[in-house]
Amino acid sequence: MLDFVQTSIDGLMVGGLYATVALGITLVFGLVGILNFAHGQSVMLGAYVTFFVVSAGYPFWLGALFAAIAMGLFGALLERAVFRRTLGDPLAGLAVSLGIIMIVENLAAAAFSPDPRFVDPPVSGSVQIGPLILSSQRLLVLFVSVVLIGGFNLFLQRATLGKAIRAMAQSREGAALVGVRVPMISRAIFTIGSALAGAAGALYASLFAITPYMGATPLTKGFILAALGGLGSVPGAIAAGFLLGLAESFGSRYLSASFRDGYGFIILIFALLFLPTGLFGAGKARV
Amino acid sequence: MNRSKWIGAIGGLALGLAAGATAHAQTAGTIKLGLIGSLTGPHSGWDAPAAEGVQMAVSEINTAGGVAVAGKKYKIDVVQEDAQSKPDIAATATQKLLSDDDIHIVMGVLTSVPGVPVATQTAKAKVMYIGGFTALDGIVGTPGKELTFRALDTDQTVASGFVPTVVKELGIKKVGMLMPNDDISKTVIKAYEPLFKQQGVDVAMIEYFQPGTTDFAPVLRKFQSQGLDGLFIGYADPDAEAIVRQSLEIGNLPKKFVYRGGSGSPAVKYADKIDGFVWQILTRDLASPGDDKVKAWIERYKAFTKKDIVSNTYWALTFYDAVFMLGKAMDAAGTTTDQAAIAAKLKGMAYDGVRKMSFDANGRAVTDVDIGVIKDGKTYSIPEKIL
């Protein structure tokens, strides 16, 4: 029983991180209609920003804040310079984002070297809660992920921009008719999605190795989650993130760790067979 | 600069040019050496220094007038291709090298994924190949691979001295093994598990993780509360560092690590938090060299590359000696192009370069290596005399 609880908490801790990445993907794809494969690069660059800020002697949290801001700006730039021109042509958008992956990845490898880097986490060691032994840093990552996700939901419900995003999610045309500036909202969504990726990159950096090639894993998992949760569905992405974290944790613990990434795909296949629009998807975006 | 120094400098330059012209006049020809490796991509940490080692050896040989073969001197011209850490690119790059009729020997590649297509294609084209990657162990010595060599010791060779040293240094009694799920790991475990048992160490559990795993917490949980006092881990630095770090992070796990890998860097940052970390320095210890030849090589390396020594620099030494050995084999065979004759001379040849090196009858290198240890917050190395 103890083992079961411990494995569940491990899964939730990583699941929070996955959900943060998936949020950005589901927003950009579900609401703006851009299949941004370069989202993983924002996670990677966010991790490097954090690494350099922390290496310069500043606190981790400042690094995470810088990562979110820098990636938000990076996302806005990409949207303005590249993705806006591919809006009507998803295939072109896909090709462009693949090109961005190659460019960013190789530039990062040239600039930062392919050697893995590790960021000193803000907290270290483990805490014992009764018989449970939990990693302090992972608990912190779970806490921050929940705060980010909760804060984002609050933003969607309360802020004017959030309400405009929700209006656009219900009907792009309807939102435009009532005065919502759809292109501006699209840009905002892209910026917010990238900022979330930057923040997720900082959280990744506090747990895992940073390399120029690290973007592929969060990207793959992020897309699985976005599809699993229902494209454009914020609650779906969050639920799917935690579900994947639990599936990987239980699968690795009780079945085989050598099939870790396969568990997500198994869930996705079953979910798509029985819930074709995803866990929370109803055929259109839901925020 | 005063007048006498100017005259000296110009005189030196003139003498240098004259010596170069003389050397050129005496050069009988050029040996084209194919050099392949991942200069970019995630495997470049291994192959870029390896390529530097080849270039450095070639530069020194050429500066000395070239390779002496049957009384004539041949300069070496390196033709380099980037495998980009990808097997398909490695295959294309190999084809490019093989399309040059003057290239009879190809060297390089320390990682198995891009390495296998290089070894396969060079063997098919009957071109001599000296690589370093682990999967090459299963290739050298097989029919049709008579021209294929591995410049690194096999796991069997290294493990025979490594395991007793590890057991003595760390005082371990019960270990768990955690490796990526691939053929290399299975070969490694096959080599090490019986040796641990011979040393009276109980190998209590063996687990494999998916290659590319970043989160080891779930699989590490399996090792908790098993009464283990050591973890045998492999075989890439990023995995090893992640395992060490996450073991400390989740707690209740052994703090002694046996690393089937070539660098102490995964544990350096955690030296004061762990009880021990032992790894294989597959050449000589460059961080704290005790050998004058190694010390001199380090200085030459720094001068040639304009770089300082880092943990991966020793991959440069892997191929450095092999280039000189190749030249010696050419001289012994009396040819620069007859690969079968050169290969025959290389097999069984003993070479005393920066380190001692030989190739067995199948083409597998046997060299002196060092074992690195981090214990009680201190880092040191133990020479493992194989030759």
Review point. Where in chain A are the helices, taken as whole DSSP H runs, whose Cα atoms extend 27 angstrom or more along the long axis and whose Kyte-Doolittle mean reaches at least 0.0?
Key: A:2-27, A:60-81, A:90-112, A:136-158, A:182-207
Exercise for review: Compute the long axis of helix B:155-170 from its Cα atoms, compare it with the longest principal axis of the Cα atoms of chain B, and write down the angle in degrees, 0 to 90, nearest 10.
Suggested key: 50 degrees
Revision key, fill the gap. With -39,500 (n - 2.57) per DSSP H segment of 4 or more residues and division by the full residue count of chain B, the 222 nm estimate, nearest 500 deg cm²/dmol, is -14000 deg cm²/dmol
Review point. Cα-based count: Lys pairs in region B:155-281 below 13 Å, eight or more positions apart or different chains?
Key: 8
**Study point:** Sites A:F270 and A:L94 - FRET efficiency at Förster radius 30 Å, r taken between beta-carbons, to 0.05
**Key:** 0.70
Review point. Using 0.36 nm per residue, how much length does the chain from B:K126 to B:E299 gain when fully extended, once their Cα-Cα distance is taken away?
Key: 58.5 nm
Review point. How big is D for the protein assembly as shown, in µm² s⁻¹ as a whole number, if Stokes-Einstein is applied with the Kirkwood radius of its Cα pairs at 37 °C and 0.692 mPa s?
Key: 120 µm²/s
Review point. Which value, in nm² and rounded to one decimal, describes the direction-averaged projected area of the C-alpha convex hull of region B:155-281?
Key: 6.6 nm²
Check your understanding: For region A:2-274, what is the charge dipole size about the Cα centre, in debye to the nearest 20, if Lys and Arg each add +1 at the Cβ and Asp and Glu each add -1 at the Cβ?
Key -> 720 debye
**Study point:** Shape call, region A:62-117: gyration tensor on alpha carbons, a/c limit 1.5
**Key:** oblate
Exercise for review: Determine the principal axes of the Cα atoms in region B:79-126, then give the extent along each, sorted from largest to smallest and rounded to whole angstroms.
Suggested key: 26, 18, 16
Practice item. Averaging sequence separations of C-alpha pairs under 8 Å and six or more residues apart, then dividing by the length of chain B, give the relative contact order as a whole percent. Key: 16 percent
Practice item. Return one number: the angle in degrees, 0 to 90 and rounded to the nearest 10, between the long axis of the Cα atoms of helix B:44-63 and the longest principal axis of the Cα atoms of chain B. Key: 30 degrees
Check your understanding: When the label point is put 7 Å from the Cα of B:A70 along its Cα-to-beta-carbon vector, which residues of region B:325-356 have a backbone N closer than 12 Å?
Key -> B:331-338
Review point. For a label point 7 angstrom out from the Cα of B:D88 toward its Cβ, which stretches of region A:99-120 have the backbone nitrogen within less than 19 Å?
Key: A:99-106
Review point. What is the Cα centroid distance between region B:142-187 and region B:268-314, reported in whole angstrom?
Key: 21 Å
Point to revise | Entries of B:K345/B:K375; A:K221/B:K124; B:K126/B:K328 with Cα pairs more than 31 Å apart | key: B:K345/B:K375; A:K221/B:K124
Review point. Kirkwood hydrodynamic radius (Cα pairs, Å) of chain B?
Key: 22.1 Å
Review point. At a Förster radius of 35 Å, what calculated FRET efficiency corresponds to the Cβ-Cβ distance of A:S124 and A:R84, to the nearest 0.05?
Key: 0.20
Review point. Rounded if a/c is under 1.5, else prolate if a/b is larger than b/c, else oblate: which is region B:47-111, with a ≥ b ≥ c the root eigenvalues of its Cα gyration tensor?
Key: oblate
Revision key, fill the gap. Computed on Cα atoms, Rg of region A:86-161 relative to 2.2 N^0.38 Å comes out at 1.76
Practice item. Can you tell me the equivalent ellipsoid semi-axes for region A:2-274? Use √(5λ) from the Cα gyration tensor, largest first, whole Å. Key: 29, 22, 18
Review point. Spin-label point model (7 Å from Cα, Cβ direction): what's the A:K163 to B:M205 distance in nm?
Key: 5.5 nm
Check your understanding: Which of the listed residues, B:L170, B:V188, B:S247, is farthest toward the dipole's positive end in region B:155-281, when Lys, Arg count +1 and Asp, Glu count -1 at the beta-carbon?
Key -> B:L170
Check your understanding: By how many degrees, between 0 and 90 and to the nearest 10, does the Cα long axis of helix B:292-305 differ from the longest principal axis of chain B?
Key -> 70 degrees
Exercise for review: Starting from the Cα-Cα distance between A:V146 and A:I103, subtract it from 0.36 nm times their residue separation and give me the gain in nm to one decimal.
Suggested key: 12.2 nm
Check your understanding: Dipole magnitude of the protein assembly as shown about its Cα centre, charges +1 at Lys/Arg Cβ and -1 at Asp/Glu Cβ only, in debye to the nearest 20?
Key -> 1160 debye
Practice item. Express in nm, to one decimal, how much length is gained between B:D100 and B:T63 on full extension, taking 0.36 nm for each residue of separation and deducting their alpha carbon distance. Key: 10.8 nm
**Study point:** Point-to-point label distance, A:S8-A:V178, nm (Cα→Cβ direction, 7 Å offset)
**Key:** 4.0 nm
Review point. Efficiency by 1/(1 + (r/R0)^6): what FRET value for A:Y58 and B:I382, r their Cβ-Cβ distance, R0 = 30 Å, to the nearest 0.05?
Key: 0.15
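We did not get these values from a lab; they are worked out from the coordinates using the rules stated. Just so you know, these numbers come straight off a predicted model, no measurement behind them. Neighbour counts are summed over all protein chains in view; Cβ atoms, including those assigned to glycine, are modelled from backbone coordinates with ideal geometry.
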